[in-house]
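Take a look at the following structure, please.
The values are calculated or read from the model by the stated rules, or taken from the named source; none is laboratory data. Remember, it's a predicted structure, so these values are computed and weren't measured experimentally. Cβ atoms come from the backbone with ideal geometry, glycine included; neighbour counts cover every protein chain shown.
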Amino acid sequence: MDEQDWAQVVAAATRAPSIHNTQPWRFVATPDRLEVYLDTERALPVLDPTRRQQVISCGSLVEFAVVALSAAGRDGDVDLLTDDADPDHLATIEVTGTREPTEEDRRLAAAIAQRHTVRAAFQPRAVPVDLVDRLQAEAGLFDTWLKPITRSEEEVATVFLISRAEEMEQSDPAYVAELERWMRTDAAAVDGVPVEAVPAGDPHARPSNWLIRDFVAGSREQHAFLSSGDPDAPPPAVERPVVVLLGTEGDDRYAWLQSGRALGRVLLQVTVAGLAASPLTQALDWPATRSRMQSRLSLVGHPQMLLRIGYPPEAAGSAVSGRRTVADVLRFVPASS
Ligand SMILES: Cc1cc2nc3c(=O)[nH]c(=O)nc-3n(C[C@H](O)[C@H](O)[C@H](O)COP(=O)(O)O)c2cc1C
């Protein structure tokens, strides 16, 4: 692989989702391997002091890289956390040979460019059960369980914990200040969450039980202009997402990376099936609500990611979030002669 080949893989990989679009990663490539590092300068000390959610983000990036590599006709082996001297060296993808890309490789690679976090209310259309079964099998490949929240008492408990966490966050000035630092109004921004990518209205007023993260609570007057407000219009149909919890037996960097890899695969399969997703991780941000989720849902292991999945609205038109350039994140080291 030369620098150009790696640049293409890295451009695809960095379309991966990341908490607040912080893109907490950087790469070193040589002709036969790509090393992935956590970029500790892009931390979220209030929301994510242990860096759990940033490491999950890097896990999904690793799978996006593997998918891009397969579609480019290369096989890759992934090793996690092999560098005892540097815990921020999260993964190494070693190129082991060539392959003829399969139809599946191409579909998944095409999904990388199509996927976006869709926070708008989904269509009131049920998610196919066999898709959820497929996602469960896919997550299992990475030692990650995927549990649909279907029983009503589990749904009530989860919805309660999300709203409790959201309330705690909105009343914490340090959380709000950190969130505001990652909001973007400039369409050309290379990181952060574009204000156009979050619904303008109050999340509590949505036709859904599931409360999405409120990115603009403090400045709603400025952004709440788009509701066309016909008072006689019928109420919108209630969305019917499937909400799934991903979790792992352990709760260390290895487990976080594995659940991130599962997340990456799950999101691409969801996109291939014509659906969309958005994470709802407020209740997992804080030790108190995260551990209550464990006990209220009698979980075996640790919850890592809560994901809402459904059919996107027809006119989804959600803003595409920016990415740093490949030159900003990749250093290529040619083979020494
Ligand atoms: C670990 C993790 C947690 C996230 N939590 C939330 C969340 O609670 N609410 C939300 O709307 N988006 C959440 N996101 C989505 C990111 O905001 C999104 O991936 C990022 O802004 C880039 O946008 P894109 O996914 O459309 O490319 C999360 C993403 C990751 C990887």
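Is it the case that some residue within the range 9-16 is surrounded by 19 or more Cβ atoms within 10 Å (Cβ to Cβ), modelled with pLDDT of 95 or more and away from the ligand (no atom under 14 Å from the Cβ)?
The answer is yes; a qualifying residue exists.
Sticking with this structure for a sec: In the set 66, 62, 46, which member is in a helix (DSSP H, G or I), within 16 Å of the ligand (Cβ to nearest atom), modelled with pLDDT of 95 or more and in the same structural domain as residue 98 (by TED's automatic domain parsing)?
Selected residue: 62, the only one of 66, 62, 46 that is in a helix (DSSP H, G or I), within 16 Å of the ligand (Cβ to nearest atom), modelled with pLDDT of 95 or more and in the same structural domain as residue 98 (by TED's automatic domain parsing).
Let me ask something additional. Looking for whichever is over 18 Å from the mean Cα position of the chain (by Cα) and under 25 Å from residue 249 (Cα atoms) here; the options are 208, 171, 152, 163. Which one fits?
152
Restricting to the range 178-202, name every residue that is in contact (Cβ under 8 Å) with a residue 24 or more places away in the chain and either assigned to a helix (DSSP H, G or I) or of a type in the set (Val, Ile, Thr) (or both).
Passing the criteria: 178, 179, 180, 190, 193, 195, 196, 197, 198.
Right, another one. Need pairs with beta-carbon distance below 8 Å; first residue closer than 14 Å to residue 52 by Cα and within the range 14-35, second of a type in the set (Lys, Arg) and not in a loop (DSSP other than H, G, I, E, B); sequence gap 6+ or separate chains.
Listed by first residue and then by second, the contacts come to 22/42; 23/42; 24/42.
Only residues that are part of a loop (DSSP other than H, G, I, E, B) and under 16 Å from the mean Cα position of the chain (by Cα): list them for the range 1-42, please.
14, 15, 16, 17, 18, 22, 23, 24
Assess whether residue 156 counts as being without any contact (Cβ under 8 Å) to a residue 12 or more places away in the chain and outside any loop (DSSP other than H, G, I, E, B).
Considered against the rule, which asks whether it is without any contact (Cβ under 8 Å) to a residue 12 or more places away in the chain and outside any loop (DSSP other than H, G, I, E, B), residue 156 comes out as yes.
Going through the range 17-33 one residue at a time, which ones are within 13 Å of the ligand (Cβ to nearest atom) and either touching a strand residue (DSSP E or B) at 6+ places or on another chain (Cβ under 9 Å) or not assigned by TED's automatic domain parsing to the domain that holds residue 53 (or both)?
Answer for the range 17-33, where residues must be within 13 Å of the ligand (Cβ to nearest atom) and either touching a strand residue (DSSP E or B) at 6+ places or on another chain (Cβ under 9 Å) or not assigned by TED's automatic domain parsing to the domain that holds residue 53 (or both): 17, 18, 19, 20, 21, 24, 25.
Of all residues in the range 168-177, which are in a helix (DSSP H, G or I) and either of a type in the set (Gly, Ala, Ser) or within 14 Å of the ligand (Cβ to nearest atom) (or both)?
Answer for the range 168-177, where residues must be in a helix (DSSP H, G or I) and either of a type in the set (Gly, Ala, Ser) or within 14 Å of the ligand (Cβ to nearest atom) (or both): 168, 169, 170, 174, 175, 177.
While we're on this one: Considering (1) within 16 Å of the ligand (Cβ to nearest atom); (2) assigned by TED's automatic domain parsing to the domain that holds residue 35, say which one residue 99 fails and leave the rest.
Failed condition: (1).
Can you name every residue in the range 218-254 that is of a type in the set (Asp, Glu) and modelled with pLDDT under 65?
Passing the criteria: only 221.
Being of a type outside the set (Lys, Arg), in contact with a helix residue (DSSP H, G or I) (Cβ under 9 Å, 6 or more places away or on another chain) and either away from the ligand (no atom under 16 Å from the Cβ) or assigned by TED's automatic domain parsing to the domain that holds residue 78 (or both) narrows it down to one of 276, 237, 288, so name that one.
288
Now, a different point. When you check residue 92 against the structure, is it surrounded by fewer than 16 Cβ atoms within 10 Å (Cβ to Cβ) and among the β-branched types (Val, Ile, Thr), yes or no?
Judged against the criteria, residue 92 is not a match.
I would also like to ask the following. Considering the range 114-133 alone, what residues qualify as being part of a helix (DSSP H, G or I), exposed (fewer than 15 other Cβ atoms within 10 Å of the Cβ) and more than 16 Å from the ligand (Cβ to nearest atom)?
129, 130, 133, listed by residue number.
Shifting gears a bit: When the residues of the range 291-307 are narrowed to those that are of a type in the set (A, V, I, L, M) and within 12 Å of the ligand (Cβ to nearest atom), which ends up nearest to residue 81 (Cα to Cα)?
Among them, the one singled out is 305.
Does at least one position in the range 228-250 carry a residue that is part of a loop (DSSP other than H, G, I, E, B), free of Cβ contacts under 8 Å to residues at least 24 places away in the same chain, charged (D, E, K, R) and farther than 26 Å from residue 169 by Cβ?
yes
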